[in-house]
Amino acid sequence: MTHDPVTPRDVAAAARLADLTLPDERVAAVADLLSSWVPAANALSRRMQAGDLDGLVPSVVFLQTGIDSKENT
């Protein structure tokens, strides 16, 4: 799979869609950062979908007091 870099134009468009104020001088820096992060995030996503990880479960479970407690059963 090819990894097209995130362009400043992509970042500006996403910022507009999300109604975020992003100064022009930050757009290129965000594009560079996302160009580094997105391929790694996609690789992790593909890895986590692999069949050999189907039985993998979290080792820590966070419960919310009052919702998951015996007082609500």
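Every number in this text was worked out from the coordinates using simple rules, so none of it is lab data. Since the model is a prediction, treat every value here as computed from it, not as a measurement. Cβ coordinates were reconstructed from backbone atoms using ideal geometry, including for glycine residues, and neighbour counts include every protein chain displayed.
Before moving on, here are some points about what is shown:
- Exposure proxy ranking for 65, 7, based on other Cβ atoms within 10 angstrom of each Cβ and starting from the fewest, stands as 65, 7.
- The chain, relative contact order [Cα under 8 Å, separation at least 6], %: 29
- Helix axis angle, 8-17 relative to the chain longest principal axis, alpha carbon, degrees: 60
- With Cα atoms, 0 to 90° folded angle of helix 24-48 axis to the chain main axis: 40
- All Cα-Cα separations within the chain were binned at 10 Å from zero, giving a P(r) of 16, 26, 20, 25, 12, 2, each value a whole percent of the pairs.
- CD proxy at 222 nm, helix term only [per DSSP H run n ≥ 4: -39500 (n - 2.57); per residue of the chain; nearest 500]: -16000 deg cm²/dmol
- About its Cα centre, the dipole of region 8-72 is roughly 100 debye, where the only charges are +1 on Lys and Arg Cβ and -1 on Asp and Glu Cβ.
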